[in-house]
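In what follows, a structure is listed as structure tokens, so that the remarks can point back to it.
Derivation of every value follows stated rules applied to the coordinates shown; laboratory data play no part. Just so we're clear, the structure is a prediction, and the values are computed from it rather than from any experiment. Cβ sites come from the backbone with ideal geometry, for glycine too, and all protein chains shown count toward neighbours.
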Amino acid sequence: MKTQNQKAWFFVLPVLLLVAFNALIPMMTVVNYSVQETFGNNVFFWHGLGWFEDLLNSERFHAALGRQILFTTIILLIEIPLGIIIALSMPRQGFWVPVCLVLMALPMLIPWNVVGAMWNIFALPDIGLLGYLMNTTLGVDYDMTQDPFAAWATIITMDVWHWTSLVVLLSYAGLVSIPDAYYQAAKIDGASSWSVFRYIQLPKMKQVLTIAILLRFMDSFNIYTEVFVMTGGGPGNSTTFLSIDLVKIALGQFDLGPAAAMSLIYFAITLLVSWLFYTLMTKDEGK
Amino acid sequence: MTITLNQITKVVAGQTHIKPTSLTFQTGHFNVLLGETGAGKTSLIKLMAGLDPIAAGTIEMDGQDVTKLSTQKRNISLVHQFFVNYPHMTVFDNIASPLKVAGMAKSEIQGRVEEAADILQLRPMLHRRPHELSGGQQQRTALARAIAKESRAVFLDEPLANLDYKLREELREQLPELFAGRGAVVVYATSEPEEALLLGGSTALMDDGNVAQFGPTAEIYRKPQTLTAAKVFSDPPINVARVTKMGSKLIMGDSARWDSAKMKDAPDGDYHIAVRPHHVTPKPTPANTVALKGQVLVTELSGSESSAHFAMPDGNWVSLSHGVHPYQVGEDHPFYLDPSACMLFAEDGQVVAGGAV
């Protein structure tokens with residue numbers, strides 16, 4: 001008979017405790033809330049899957065989810081191609097490389113709420129530099145506190161400013177890892193610059209781009225701080241994304257049950273899309 | 001098909017990497033660029049391929065001036081020392097890539113790729129990716145791409161350097177027939193004199209960005225025009241010593257002196273002599289008559305040949321001889337050189353007399 005040694009469990013214990021405290025226990029608390037109803041005084045009543053049913057049939061949830069999907073789609077469609085283009089046009093060697101890299105990294109170093117506050121002030125129609133110039137010099141009617149379109153445009157511009165650098169830096173890392181010999185081989189084959197991009201640069205960037213898209217999807221799908229500081233979800237509900245709505249339900253209305261159910265659905269969507277995307281992108285790597 | 005270089009130079013940041021070079025490469029045989037690492041072989045190839053800018057001079061292919069033509073339009077192939085294949089494409093697609101770029105019909109691509117794959121025994125690997133192949137197979141894929149393309153010039157930049165010994169021998173044997181009758185000018189860069197002798201129809205000896213000598217391989221091996229050319233085309237290194245010529249006598253310091261009828265026409269004075277290692281033996285023979293003495297520093301035994309490095313007043317010499325010789329490191333050992341095999345070079349390095357088998 002084989003000797004059994006259970007000591008290994010002992011070594012896994014620290015990780016188990018850590019994960020339990022930072023993920024499992026909070027998560028189970030949320031699960032706990034999501035199936036109960038409370039009227040205060042710490043008294044809870046069993047509600048089953050009622051909150052989930054309500055939520056999935058709720059107009060308000062559908063609207064927030066729709067806004068969220070639209071926002072994330074726009075962000076990905078702008079930031080990924082733009083990031084690749086900037087990375088392609090950055091120098092590969094010489095004095096300007098560190099300068100470009102630092103300039104690129106700068107926006108990412110700024111705390112999220114500061115970014116929100118900065119852009120809020122920047123875009124205010126009366127005192128903000130951007131808002132003032134748009135309304136006076138350019139003569140465009142621009143007021144993100146009143147006009148939903150202006151609010152969306154401002155938030156998207158802000159996110160592009162804040163996060164395109166991440167795509168740039170990841171793509172750039174992929175690009176500089178391509179040896180000169182491949183470019184030479186492509187030239188000798190007579191390849192156009194589009195073919196070089198399509199058959200040499202893009203395949204080499206595939207892995208980092210997968211990570212970039214994944215990170216930008218998760219971050220933009222979960223965006224909260226900047227939007228909260230800039231518009232607070234307004235004007236009206238026009239920029240009330242899922243996270244903003246969630247906080248309104250949980251802390252504004254103190255509806256713990258519905259908020260817990262929403263958190264779980266929100267989490268499930270993020271997880272499912274990320275998993276699907278990652279699996280698809282890495283499917284043929286084993287071959 | 002010919003490639004003609006007219007006084008081309010390469011200058012990088014004020015430093016001249018290739019000094020004015022004029023060469024004409026012909027089709028029908030291998031043109032070897034022989035020189036040490038850093039001699040300018042790869043630089044010259046890159047200039048011909050259009051990958052690096054030329055500072056001055058012109059390049060012609062078949063009489064057409066291609067100096068200003070981009071690499072894409074020169075219709076050439078290049079095989080590197082390290083294996084360059086597109087990692088995410090199959091072997092088939094790798095071989096087909098230049099044909100696809102050229103917009104060739106599918107059926108024709110299929111035919112050309114299969115022909116090249118057959119020649120290089122890559123048929124069973126056509127649907128694999130490069131990283132699933134051995135080094136030899138990867139390099140054969142790169143060669144197949146060059147063959148399938150049917151370009152007018154093929155540059156092989158030390159293509160065998162990273163292969164193991166057996167594969168290198170095997171592929172080296174195949175190389176000439178791969179490109180025979182294809183009409184392309186083949187330029188083959190190597191740092192091994194032996195490869196030049198085995199492959200080269202003609203050889204250009206390169207040294208420090210200069211072509212020391214260019215011509216039919218056997219001829220420039222036998223008759224180097226300069227001391228530099230003699231040094232480049234010798235492995236192990238050629239033996240060099242200073243001599244003084246007085247009448248028909250050659251005097252090598254205190255080491256040796258001998259009569260040389262062959263060199264009697266040269267004016268008296270100071271010269272360098274150079275003699276290849278296999279003309280210096282540890283035992284006298286009818287030809288090897290001039291006795292030298294030197295302290296044995298290093299000995300090597302390679303199968304049926306013995307070599308000994310020994311100290312001479314003007315630097316170390318090498319003796320290479322058949323059979324096994326019981327050298328003792330540190331002993332003073334007599335060596336005998338063949339005076340008829342000595343080449344005489346003037347102080348400026350130009351050949352004065354000699355040139356032997």
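Annotations
- Taking other C-beta atoms within 10 Å as the exposure proxy, A:CYS100, B:CYS342 rank A:CYS100, B:CYS342 from fewest upward.
- Choice from A:PHE71, A:PHE44, A:PHE95 showing the highest fluctuation, given a GNM over chain A with Cα pairs closer than 10 Å: A:PHE95
- Alpha carbon centroid spacing (whole Å) that separates segment B:138-205 from segment A:2-27: 60 Å
- Radius of gyration and maximum dimension Dmax of segment B:239-353, Cα, Å: 14.1, 43
- Principal axis dimensions, segment B:91-164 - Cα atoms, whole angstrom, descending: 37, 28, 19
- Quotient of C-alpha Rg and 2.2 N^0.38 Å, computed over segment B:196-235: 1.00
- Long pairs among A:LYS248/A:LYS283; B:LYS10/B:LYS245; B:LYS41/B:LYS73, criterion Cα-Cα beyond 29 Å: A:LYS248/A:LYS283; B:LYS10/B:LYS245
- Distribution of pairwise C-alpha distances over segment B:69-227, 10 Å bins, in %: 10, 37, 33, 15, 4, 0
- Flagged links, alpha-carbon separation over 25 Å, of B:LYS19/B:LYS46; B:LYS19/B:LYS264; B:LYS68/B:LYS231; B:LYS262/B:LYS283; A:LYS187/B:LYS100: B:LYS19/B:LYS264; B:LYS68/B:LYS231
- Listed by chain and number, the aspartates and glutamates whose alpha-carbon sits under 18 Å from that of A:LYS204, ignoring those within fewer than 8 places in the same chain, are A:ASP180, A:ASP284, A:GLU285, B:ASP93, B:GLU132.
- Under 15 Å from the Cα of B:LYS166 - aspartates and glutamates, other chains or at least 8 residues apart: B:GLU195
- Just so you know, the Cα atoms of segment A:51-285 work out to an Rg and Dmax of 20.8, 67 Å.
- Helical runs assigned H by DSSP (4 residues or longer) give chain B a calculated mean residue ellipticity at 222 nm of -7000 deg cm²/dmol, each run adding -39500 (n - 2.57) before division by the residue total.
- Cα-Cα P(r), segment B:1-122, percent of pairs per 10 Å interval: 11, 34, 32, 19, 3, 0
- Of the peptides A:225-231, A:54-60, the order by per-residue mean of other Cβ atoms within 10 Å, starting with the highest, comes out as A:225-231, A:54-60.
- Peptide-level mean, for A:191-197, of C-beta atoms on other protein chains within 10 Å: 2
- 3J(HN,Hα) along segment B:233-244: 9, 8, 8, x, x, 6, 8, 10, 8, 8, 9, 10 Hz, from the Karplus curve 6.51 cos²θ - 1.76 cosθ + 1.60 with θ = phi - 60°, whole Hz, x for Gly and Pro.
- Cα-based Rg / Dmax (Å) for chain B: 23.8, 75
- For the Cα trace of the protein assembly as shown, dividing Rg by the Kirkwood Rh returns an Rg/Rh value of 1.18.
- For segment B:271-284, 3J(HN,Hα) per residue [Karplus equation, 6.51 cos²θ - 1.76 cosθ + 1.60, θ = phi - 60°, Hz, x = Gly/Pro]: 9, 9, 10, 10, 9, 5, x, 7, 9, 10, 10, x, 10, x
- Using alpha carbons only: equivalent-ellipsoid semi-axes of segment A:132-194, gyration tensor based, whole Å: 43, 15, 9
- Computed over neighbours whose Cβ is under 14 Å from that of A:PHE52, the net charge equals -4, Lys and Arg +1, Asp and Glu -1.
- Close amide H partners of B:VAL352, meaning residues 5 or more places away or on another chain with modelled amide H under 5 Å apart, are B:LEU344, B:PHE345, B:ALA346.
- Taking segment A:69-92 and a reference point 7 angstrom along Cα→Cβ of A:ILE156, the backbone N atoms nearer than 11 Å belong to A:70-79.
- Average other protein chain Cβ within 10 Å of Cβ, residues A:179-187: 6
- Rounded to the nearest Hz, the phi-derived 3J(HN,Hα) couplings of segment A:259-273 under the Karplus curve 6.51 cos²θ - 1.76 cosθ + 1.60 (θ = phi - 60°) are 5, 5, 4, 5, 4, 5, 5, 4, 4, 4, 5, 4, 4, 5, 5, where x marks glycine and proline.
- On a per residue basis, the convex hull of the C-alpha atoms belonging to segment B:50-122 measures out at 139 Å³.
- Computed over segment A:1-100, the Cα gyration tensor eigenvalues convert (square root of 5λ each) into semi-axes of 43, 34, 13 Å, ordered from largest to smallest.
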